[in-house]
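The values are calculated or read from the model by the stated rules, or taken from the named source; none is laboratory data. Keep in mind that what you see is a predicted model, and the values were worked out from it rather than measured. When we count neighbours, we look across all protein chains shown, and the Cβ atoms used for this are built from the backbone with ideal geometry, even at glycine. Accessible surface is based on the protein model in full, side chains and every heavy atom, while ligands, DNA and RNA are left aside. Shrake-Rupley method; radii C 1.70, N 1.55, O 1.52, S 1.80 Å.
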Amino acid sequence: MTDSHTIQKEEQTPQSKGNEKKRMLSGIQPSGDLHLGNYLGAIKNWADRAEEYECYYFMADMHTITVRQEPAELRRRSLHQLAQYIACGLDPEKNVLFLQSHVPAHAQLSWVLNCYTMFGELSRMTQFKDKSSKYKDNINAGLFTYPVLMAADILLYQPDYVPVGDDQKQHVELTRDIAQRFNSIYGEVFTVPEPFISKSGARIYGLSSPTDKMSKSDPGGCVFIMDEPDVIMKKFKRAVTDSDTDNPVRYDRENKPGVANLMNIYSTLTGKSYEEIEQEFAGKGYGVFKPAVAETVIDTLKPVREEAERLMKDKEYLNRVYKDGAERAAYVANKTLRKVYKKVGFYQI
Ligand code: TRP
């Protein structure tokens, strides 16, 4: 099954029981502008998810400071990223959207869970090993206990599912272990969540290195949703392809990864199959194909960019979304926190 077909499948998870919606929660680091890979791979599909699940999404600003951040930049991103998510279709009425640092319960539960997480467990986390070798001059304790904060983020909301990428699966596994450990001592306090691996969503690769996932660390091959049309066109015209001149536009992921990636983008946006695309561009070269892909991307992203630009200027609205989201989130989170405080023996008045 090809990439383009998988995206047309619905997200399949165990059926919701009764009429109560299952709960889902995910955190996103406000660490940069969103790109086409984020959009086609995930965010685009989130809009529909709210029909089936009760969804909580938060910007994990507390996680970002495990690596040194420019304060003004972090503030800007926390707001602009919210605007971009809303512009991509994430409706603040239908989803709970909030900023992690606005809900103190995350830090509060995190401390408690620190005392139910083993040093050895944290030492085994591959992300810690990677990041501590990458940021050798700042191996701070937060980098080490990061997965505990993440466990707190999750367990506060008692979600059934946690949608994450492959790189975060180990952290969700640890969260399950912590929840089970706590429950085995104090009774059923936490829902033990399952990682949710979305079956829909396209996998988009970088335009200049089509064997790597599209990433903001390669700006030349990365199309940001806020890019202007001429910038998008330029990036696509420079996209890496190959020197095939006989029959250039055909799907061969192995031998023609650049072309396969462009075909996947085009197919995802137009709904056309690879066969249809091959027919459409039969006898035509990349000089025709690349701008055609760029045009569909430009058309798709135009309304998203314009809406995001409009929202970014409406700080009052964004503040309201964050305030309302934090209230709704805190209501659920504090309930769990009170229970935990009581269980571990903190005296309550
Ligand atoms: N660690 C996640 C990442 O880097 C972000 C995150 C923080 C998260 N808290 C979470 C994801 C809770 C899911 C649930 O991508």
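Are any residues in region 33-67 among the basic types (Lys, Arg) and within 16 Å of the ligand (Cβ to nearest atom), and if so, which ones?
ARG49
Across region 202-235, what is the total count of residues that are open to solvent by less than 20 Å² (accessible area, probe 1.4 Å) and either in a helix (DSSP H, G or I) or within 25 Å of SER26 (Cα to Cα) (or both)?
Residues flagged as open to solvent by less than 20 Å² (accessible area, probe 1.4 Å) and either in a helix (DSSP H, G or I) or within 25 Å of SER26 (Cα to Cα) (or both) within region 202-235 amount to 9.
Out of all the residues in region 113-122, is one or more surrounded by 15 or more Cβ atoms within 10 Å (Cβ to Cβ), in contact (Cβ under 8 Å) with a residue 12 or more places away in the chain, assigned to a helix (DSSP H, G or I) and under 22 Å from the mean Cα position of the chain (by Cα)?
No, every residue in region 113-122 fails to be surrounded by 15 or more Cβ atoms within 10 Å (Cβ to Cβ), in contact (Cβ under 8 Å) with a residue 12 or more places away in the chain, assigned to a helix (DSSP H, G or I) and under 22 Å from the mean Cα position of the chain (by Cα).
Select from region 156-186 the residues that are part of a helix (DSSP H, G or I), under 26 Å from ARG338 (Cα atoms) and within 10 Å of the ligand (Cβ to nearest atom) and list them in ascending order.
HIS171, VAL172, THR175
THR191 is checked against (1) assigned to a helix (DSSP H, G or I); (2) more than 10 Å from the ligand (Cβ to nearest atom) and fails just one. What number does that condition carry?
Tallying (1) assigned to a helix (DSSP H, G or I); (2) more than 10 Å from the ligand (Cβ to nearest atom), THR191 fails exactly one: (1).
Do we have any residue at all in region 81-89 that's at pLDDT 95 or above, at negative phi and assigned to a strand (DSSP E or B)?
No, every residue in region 81-89 fails to be at pLDDT 95 or above, at negative phi and assigned to a strand (DSSP E or B).
Which is open to solvent by less than 10 Å² (accessible area, probe 1.4 Å) and either out of contact with any Leu (no Cβ under 7 Å at 6 or more places or on another chain) or in a loop (DSSP other than H, G, I, E, B) (or both), of LEU269, LEU318, LEU301?
LEU301
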